[in-house]
Amino acid sequence: MTDRGPAVRAALADCAAIAERNDSTLFHATRLLPRFRQDLFAGAYAAMRVIDDAVDEDFLVRPERDRHAGRTAMAAVVEAWRRQTAEGAIAGPLSSSVALGFQATVGCSDLGPEPWNGLAAAMTEDVAEADMPDWEAFDRYADGATVAPATVFIYLLACRFSDGHYRCDLPERPRYYASDLAVFCYLVHILRDLAKDAGSRGRLVTIPRTVLAGFGLDRDTLADALATGDHAKVDRLADVLLNRADLHRSRGRERLTELMPHLDLREKVALEGLVRVYEGLHTDFRQRYAARLAGLPDLEAGHRVAAFDRS
């Protein structure tokens, strides 16, 4: 039983509202979980959403001149967020309710600072608009941008809650189980959001430069290829990402087999459902990806219904 005071309950309700507004597949998966896990998700997700939105939805959409002028200040915000989440600092960009929800859940766990340091490193690269020349650079970025949050998710699925504290005793660290599935889902996510992200004239595109160059594209001209209906070129680009995603999916499924015996029933259903949504999109994207860009939100919604509404 989760017994929290009124201030913490109100703070966690605010955190949960942030997650619900974003309406992610991850949010739908966690709705299947016991309350103590939903609380941990709310506190962790809201904190991650704060910095992700500050960088992607605020800073990176500014005109180039404003980004250049504000880059140092934005990097300082990311570092303040890192100290607030990884080190327990009081001051930072988290609102008082999100900070309280975070401290009442993540702050009472043995999760450790690694995921928060990792996500902060990825956000710092985003703020710098760092070059991503090849798959090695992609993997380094993805370690913070997607493996770190996925590590938190695996932790919250497997941890135990007692006397107000979360503890995890998996045979391996959570990131061991999370890493490949996280990158698989991330590559599918890139394709899901490609039209929207390319519309930012490249600032949100996280495809290696050499991969784009192989099709005569770069971060800026990718939007033109999408807008002019160059389906053949876009489909070939999608195949490269889908093939790489499939390698991670295979390894991730192996790790999932190792993890499942350590999870309770609802946690197994939530995780399997989440993976099935992304596997379904991966299969869909193999079939005339570029021609189906406008219908991608409906595709994902359909897979969500299949994965979770029967649970």
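Points to keep in mind about this one:
- Distance from the alpha carbon centroid of the range 169-225 to that of the range 51-91 works out to 21 angstrom.
- Computed magnitude of the charge dipole of the chain (debye, nearest 20; Cβ of K, R +1, Cβ of D, E -1): 500 debye
- Distance in nm between pseudo-label sites at Asn243 and Thr257 (7 Å out along the Cβ direction from Cα): 2.5 nm
- Of all complete DSSP H helices in the chain, those with a Cα span along the helix axis of 24 Å or greater and a mean Kyte-Doolittle hydropathy of 0.5 or more are 174-192.
- DSSP-loop trypsin sites (Lys or Arg not before Pro) across the range 62-146, with at most 10 other Cβ within 10 angstrom: none
- Normalised per residue, the accessible area of the range 152-311 is 45 Å², obtained with a 1.4 Å probe and no contribution from ligands, DNA or RNA.
- Projected label points at His165 and Arg31, each 7 Å from Cα along the beta carbon direction, are separated by 3.4 nanometres.
- Surface share of carbon and sulfur [accessible, 1.4 angstrom probe, percent] for the chain: 52 percent
- Residues in the range 1-120 average 47 Å² of solvent-accessible surface per residue, probe 1.4 Å, ligands and nucleic acids excluded.
- The chain - mean residue ellipticity at 222 nm from DSSP helices (-39,500 (n - 2.57) per run, n ≥ 4, rounded to 500): -21000 deg cm²/dmol
- The structure shown yields Cα extents along the principal axes in Å, and of the options [x] 59, 43, 40; [y] 68, 42, 35; [z] 58, 47, 31 that calculated value carries the label [z].
The values are calculated or read from the model by the stated rules, or taken from the named source; none is laboratory data. If you're wondering where the values come from, they're calculated on a predicted model, not measured in any experiment. With ideal geometry, Cβ positions are generated from the backbone for all residues, glycine too; neighbour counts draw on all protein chains shown. The area values use the complete protein model at the heavy-atom level, side chains included, leaving out ligands, DNA and RNA. Shrake-Rupley method; radii C 1.70, N 1.55, O 1.52, S 1.80 Å.
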